[in-house]
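**Q** One structure, pasted below without further comment.
Read-outs: derived from the displayed coordinates by stated rules, not from any lab. The model shown is predicted, which means the values in this text are computed figures rather than measured ones. Please note: Cβ atoms are built from the backbone with ideal geometry, for glycine as well, and neighbour counts cover all protein chains shown.
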Amino acid sequence: MPELSGTQNYTVEFNDFTMTGNSDSENDSSTIYGPHLAEMRRILREVVDEITSVRAALKDEFGQDPVDHCLARIKSDESMREKLRRKGLAETADNALFEIKDAIGVRIVCSFLNDVYTIRDRIEALSDIVVTEEKDYIRHSKSNGYRSDHLIVRVRGKYFVEMQLRTISMDTWAALEHQMRYKKKRTDNDTLIRAELKRCADELASTDVSMQTIRDMIMMDL
């Protein structure tokens, strides 16, 4: 995504789907998505329902929900237009939906590293969701330390949804890095902050592995 901000904003809980903002009252013709917006909302709800079903099945199977929390959103009109301009694309609905591919976004935050890939595998197995692309920034992190598994999936053979799967520590780091990247005032401390963020990312990656090892040891003794 990576941001989950904007006027069309959704928050997802395990047994509850709460929509925040005023997206349902928004005039579809006023957005870059035009007549697609209503269908995008339905697609988002369907994807959320699929993820909720996956979580429920895993909880029944293993005795606990592998997901700490989920967030989902339709990218705001302002953010989409800015991204199209940045990529040199015309501000059209077709480009927003079929060139950018993250107009609809879902973030799934797991407690442990292995849970990320368990959820990923279950999503890939869904019959009505097709994974068209994956970028695994966990095994191959970005140079700044960013880590997350990104899936581009296609629903109903038409609309794309970007899914970010990560651990709690990855999500905390990404939130802090996002603040750094989008802060308006640049200072002499920026280079130091970036270096510290990279150091923290490396330490958190090591911690995620250690926590997974401890969890595996605990599960063996149950």
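**Q** Answer with a single label: of (1) 19.2; (2) 13.3; (3) 12.2, which was calculated as mean projected area of the Cα convex hull in nm² from the structure in view?
**A** (2)
**Q** May I ask for the longest run of the chain untouched by trypsin sites (Lys or Arg not before Pro) that are loop-located per DSSP and have at most 14 neighbouring C-beta atoms (other than their own) within 10 Å?
**A** 1-86
**Q** How long is the gain from Ile218 to Phe62 if the chain were fully straight, where each residue apart is worth 0.36 nm and the alpha carbon distance is subtracted?
**A** Gain in length upon complete extension: 54.8 nm.
**Q** Can I ask one more? Along Cα→Cβ, 7 Å out, is where each label goes; now give me the distance between the ones at Thr172 and Thr207 in nm to one decimal.
**A** 0.4
**Q** Nothing charged except the Cβ atoms of Lys and Arg (+1) and of Asp and Glu (-1): what's the magnitude of the dipole of the chain about its Cα centre? Round to the nearest 20 debye.
**A** Computed charge dipole of the chain: roughly 920 debye.
**Q** Toward the positive end of the charge dipole of the chain, about the Cα centre and with charges on Cβ (Lys, Arg +1; Asp, Glu -1), which of Leu37, Ser141, Leu192 goes farthest?
**A** Working it through, the farthest residue towards the positive pole turns out to be Leu192.
**Q** I would also like to ask the following. Please give the contour-minus-distance gain from Arg81 to Thr191: 0.36 nm per residue of separation, less the Cα-Cα distance, rounded to one decimal in nm.
**A** 36.6 nm
**Q** Suppose we look only past 24 Å in the calculated P(r) of segment 125-222. What percent of the Cα-Cα pairs does that tail hold?
**A** 42
**Q** When only C-alpha pairs under 8 Å and at least 6 residues apart count, what is the relative contact order of the chain, in percent?
**A** Contact order relative to length: 18 percent.
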